[in-house]
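Structure first, commentary second.
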Amino acid sequence: MKLFGSLTSPFVRKARILIKEKNLPCEFVVADPTEAGGVVRMRNPLWQVPVLETDDGESLFDSPVIVEYLDSLSTPALLATSGAPRWQILRWQALADGIMEAVIARFLEGRRPIVQQSSDQITFQEARVAAALAFASSRLKAEQFLLEGRFTLADLALAVALEYTDFRYPHDWRAQHPRLAFWLAGISVRASFVETVPPGMERPQRVPN
Ligand SMILES: N[C@@H](CCC(=O)N[C@@H](CS)C(=O)NCC(=O)O)C(=O)O
């Protein structure tokens, strides 16, 4: 198997962390989704990373499909296969993916020439991130993991989203959500997280007072 992706994409990082957590035989290949005629565009008509090449040559996208496929290859599952835990884990992943999308949208807007930037768009994306972090904070229990008393895809996805927020939208969300910050610190020390830190991302990032 081969996983194609960039070093900075949080969606790719979800899959990379899952591969490490489960010690799966999958090669990571750095690939540029903007390259015309490149492997990403050949394998994913949405021109996005991550893309997974399975052992039978099939291409899988997008990241929720890839992580579920990879998770199905060995036990223990990081995504419960049925019942309430499954929907809860999938909702955590949806929340995390939504945070990543909002952070990316804000970041890309901020990279447009100043005269073309929409401050409304930036404010809107920041408000979405704030609402999502408040939701996450309100659902957090005083436990090491989000649910099931063990590390699941929910912990994986939300921690990737929060670290990506630190990377591309550094602001002091920890002051408002100290329990979330404490929970993240416990997840971030896992080898799978340490080994997949994007280049240029220091951990933890804090806004100076
Ligand atoms: N819903 C997709 C989102 C993937 C995505 O947005 N990937 C970005 C990188 S973070 C991408 O490939 N963008 C295309 C580009 O940079 O040209 C998933 O979960 O895989």
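The values are calculated or read from the model by the stated rules, or taken from the named source; none is laboratory data. Since the structure is predicted, the reported quantities are computational estimates derived from the model, not experimental observations. All Cβ positions, even for glycine, are placed from backbone atoms using ideal geometry, and neighbour counts span all protein chains on display. Only protein heavy atoms, including side chains, enter the accessible area calculation; ligands, DNA and RNA are left aside. Shrake-Rupley method; radii C 1.70, N 1.55, O 1.52, S 1.80 Å.
In the full protein context, the chain carries 51 Å² of accessible surface per residue, based on a 1.4 Å probe and ignoring ligands, DNA and RNA. The distance linking region 137-197 with region 1-47 is 22 Å (Cα centroid to Cα centroid, whole angstrom). Mean residue ellipticity at 222 nm, helices only, the chain: -16500 deg cm²/dmol; runs of at least 4 DSSP H residues each add -39,500 (n - 2.57), and the sum is divided by the number of residues. Across the accessible surface of region 2-71, with the other protein chains kept in place and a 1.4 Å probe, carbon and sulfur atoms take up 52 percent. About its Cα centre, the dipole of the chain is roughly 560 debye, where the only charges are +1 on Lys and Arg Cβ and -1 on Asp and Glu Cβ. Counting only Cβ charges, +1 for Lys and Arg and -1 for Asp and Glu, the dipole size of region 83-190 around its Cα centre is about 160 debye. Report relative contact order for region 1-160 in percent, whole number only (criteria: Cα-Cα under 8 Å, sequence separation at least 6). Rounded, it is 21 percent for region 1-160. Screening the chain for whole DSSP H helices with an alpha carbon extent of at least 27 angstrom along the helix axis and a mean Kyte-Doolittle hydropathy of at least -0.5 yields 83-111, 119-139.
In terms of accessible area, using a 1.4 Å probe and ignoring ligands and nucleic acids, Lys14, Lys2, Lys22, Lys141 rank largest first as Lys141, Lys2, Lys22, Lys14.
Per-residue counts of other Cβ atoms within 10 Å, averaged by peptide: what ranking do you get for 33-46, 171-184, highest first?
Those peptides, ordered most packed to least, come out 171-184, 33-46.
About the centre of its Cα atoms, region 1-112 shows a dipole size close to 420 debye [charges on the beta carbon of Lys, Arg (+1) and Asp, Glu (-1) only; nearest 20 debye]. Of the residues Gly186, Leu3, Val39, the one whose Cα sits farthest toward the positive end of the charge dipole of the chain, with +1 on the Cβ of Lys and Arg and -1 on the Cβ of Asp and Glu, is Gly186. Packing-based ranking of 75-82, 89-96 yields 89-96, 75-82, ordered from highest to lowest mean Cβ neighbour count within 10 Å. Quick note on region 102-188: its Rg to Rh ratio, both from C-alpha atoms and Rh being the Kirkwood radius, is 1.04. So, in the chain, how many Lys pairs have Cα atoms under 19 Å apart, if the pair is 8 or more places apart or on different chains? Total qualifying Lys-Lys pairs in the chain comes to 4.
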